[in-house]
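**Student:** What follows is a single structure, and I will ask about it in a moment.
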Amino acid sequence: LEARLEQAAMLKRVVDAIKDLVQDCNFDCNDSGIALQAMDNSHVALVSMMLKSESFSPFRCDRNIALGINLTSLTKVLRAAQGDDILTLKAEDAPDVVNLTFESPESDRLSEYDIKLMDIDQEHLGIPDTEYAATITLPSSEFSRITRDLSALSESVAIECTKEGVKFTCTGDIGNGSVSLRQHTNVENDAKSVDISLTEPVALTFSLKYLVNFCKAAGLSDRVRLCLSNEVPLLVEYGLSNNSYLRFYLAPKIGD
Amino acid sequence: SSQQARLEGFFQVK
């Protein structure tokens with residue numbers, strides 16, 4: 001494997017966004033790019049990352065390899081990279097280590113690190129292609145604000161999407177709260193628009209603790225997409241350039 | 001009250 005990223009910041013942000021949710025992960029490398037799928041310890045949330053080969057220049061992967069990496073270790077090494085450093089990942093066939101180099105674009109500084117790899121026997125889930133009943137695309141900062149504000153009151157949020165809009169509601173010991181958003185096009189700045197596409201009404205309840213955690217990815221993208229269907233996990237997607245993405249799935253809370 | 005579901009209830013383990 002040899003994969004060169006123009007900006008180390010991208011990988012730094014991705015790892016920062018997921019390291020509190022998942023610890024040891026396989027980075028599956030093949031000629032289409034670098035993918036990661038991992039569940040949190042409680043098997044309630046799942047991270048699915050895809051960094052397409054087009055996000056790297058150049059990208060070369062001659063044989064499929066799984067790089068088992070501890071994200072705490074990776075974070076320690078990535079802290080040594082400046083955001084605008086050029087980052088290159090390298091690994092041999094059947095590797096013991098992954099090699100990372102950070103090159104400063106404006107000086108002759110080159111730093112080089114090896115991280116020991118681990119054997120990770122991870123359960124892989126098959127995620128079917130789903131036609132979601134509701135898809136909401138909104139500013140990622142708005143979604144962060146909603147989850148943060150509501151998490152101060154309650155552990156859970158009900159998300160209801162109808163043709164009127166989307167409503168986030170919570171009930172806690174001190175009282176209750178809600179935030180409603182309508183479809184809205186911001187003509188000056190499209191990134192601030194709220195787009196809602198709905199085929200049937202949806203109402204689901206989720207744990208806010210996980211949603212707050214997902215929002216650590218907000219720095220990766222101005223926009224976030226929420227995909228919901230009744231009685232299936234929520235998909236929270238942060239799109240990256242070149243069709244790369246960071247997705248989170250969250251199992252709902254089910255009424256008894 | 002509601003119960004937290006697990007992902008295996010929705011996605012198949014490969």
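**Student:** Please report the orientation-averaged projected area of the stretch A:90-150, defined via the convex hull of its C-alpha atoms, in nm².
**Tutor:** Average projection, Cα convex hull of the stretch A:90-150: 9.8 nm².
**Student:** Moving on. Tell me the volume per residue, in Å³, of the convex hull enclosing the alpha carbons of the protein assembly as shown. It would help to have the intermediate numbers written out before the result.
**Tutor:** Numbers: hull volume 38.5 nm³, N = 270.
For the protein assembly as shown, the hull spanned by Cα atoms encloses 143 Å³ per residue.
**Student:** Please list, or write none, the lysines whose alpha carbon is within less than 30 Å of the alpha carbon of A:K163, excluding same-chain residues fewer than 8 places away.
**Tutor:** A:K192, A:K209, A:K216, A:K253
**Student:** Take A:H184, A:H43 and order them by how many other Cβ atoms sit within 10 Å, fewest up front.
**Tutor:** Listing A:H184, A:H43 from fewest to most nearby Cβ atoms yields A:H184, A:H43.
**Student:** Tell me which aspartates and glutamates have Cα within less than 20 Å of B:K14's Cα, excluding those fewer than 8 residues away on the same chain?
**Tutor:** A:D24, A:D28, A:D40, A:D119, A:D121, A:E123, A:D129
**Student:** Suppose a student asked you for the relative contact order of the stretch A:124-202, using Cα pairs under 8 Å spaced at least 6 residues apart; what percent would you report? Before the final figure, lay out the partial values.
**Tutor:** Numbers: 125 pairs, mean separation 28.6, N = 79.
Relative CO of the stretch A:124-202 lands at 36 percent.
**Student:** Continuing with the same structure: Over all directions, average the projected area of the Cα convex hull of the stretch A:69-125 and note it in nm².
**Tutor:** On the way: hull surface 20.0 nm².
Convex hull of Cα atoms, orientation-averaged projection: 5.0 nm².
**Student:** For a test of the definition: using alpha carbon positions, the gyration tensor, and the 1.5 limit on a/c, classify the stretch A:1-109 as rounded, prolate or oblate. Before the final figure, lay out each step's value.
**Tutor:** Working: a/c = 1.78, a/b = 1.29, b/c = 1.39.
Here the stretch A:1-109 falls in the oblate category.
**Student:** What is the sum of charges, Lys and Arg at +1 and Asp and Glu at -1, for the other residues whose Cβ falls under 10 Å from the Cβ of A:G83? Display every interim value, and only then the final one.
**Tutor:** On the way: positive: A:K12, A:R13; negative: A:D84, A:D85.
After counting each charged neighbour, the total is 0.
**Student:** How big is the convex hull of the Cα atoms of the stretch A:80-237, per residue, in Å³? Before the final figure, lay out each step's value.
**Tutor:** Values: hull volume 30.4 nm³, N = 158.
Residue-normalised Cα hull volume stands at 192 Å³.
**Student:** Radius of gyration and Dmax for the stretch A:197-238's Cα atoms, expressed in Å?
**Tutor:** Every Cα atom of the stretch A:197-238 included, Rg and Dmax give 11.4, 31 Å.
**Student:** Still on this model: When only Cα pairs under 8 Å and 6 or more residues apart are kept, what is the percent relative contact order across chain A? Write out the running numbers ahead of the final one.
**Tutor:** Details: 591 pairs, mean separation 52.2, N = 256.
Relative contact order comes out at 20 percent.
**Student:** May I ask for the equivalent-ellipsoid semi-axes of the stretch A:119-178, computed as the square root of five times each C-alpha gyration tensor eigenvalue and listed largest first in whole Å?
**Tutor:** On the way: eigenvalues 152, 74, 29 Å².
The equivalent ellipsoid of the stretch A:119-178 has semi-axes of 28, 19, 12 Å.
**Student:** Could you work out the relative contact order of the stretch A:68-164, using alpha carbon pairs under 8 angstrom and six or more residues apart, expressed as a whole percent?
**Tutor:** Numbers: 78 pairs, mean separation 19.6, N = 97.
Once divided by the residue count of the stretch A:68-164, the mean separation gives 20 percent.
**Student:** Give the residue list of GluC sites (Glu not before Pro) in the stretch A:154-256 that are DSSP loop and have at most 10 other beta-carbon atoms within 10 angstrom. Could the numbers behind the result be given before it?
**Tutor:** Working: sites: A:E155, A:E160, A:E164, A:E188, A:E231, A:E237; in loops: A:E155, A:E164, A:E188, A:E231.
When the GluC sites (Glu not before Pro) of the stretch A:154-256 are filtered for loop state and at most 10 Cβ neighbours within 10 Å, A:E188 remain.
**Student:** Taking amide H positions as placed 1.01 Å from N in the peptide plane, with prolines and chain starts having none, which residues 5 or more places from A:I254, or on another chain, fall under 5 Å of its amide H?
**Tutor:** Sorted by chain and number, the residues that satisfy this are B:Q3, B:Q4, B:A5.
Laboratory data are not the source of any read-out in this text; all were calculated from the coordinates shown. Keep in mind it's a predicted model, so treat the numbers as computed, not measured. With ideal geometry, Cβ positions are generated from the backbone for all residues, glycine too; neighbour counts draw on all protein chains shown.
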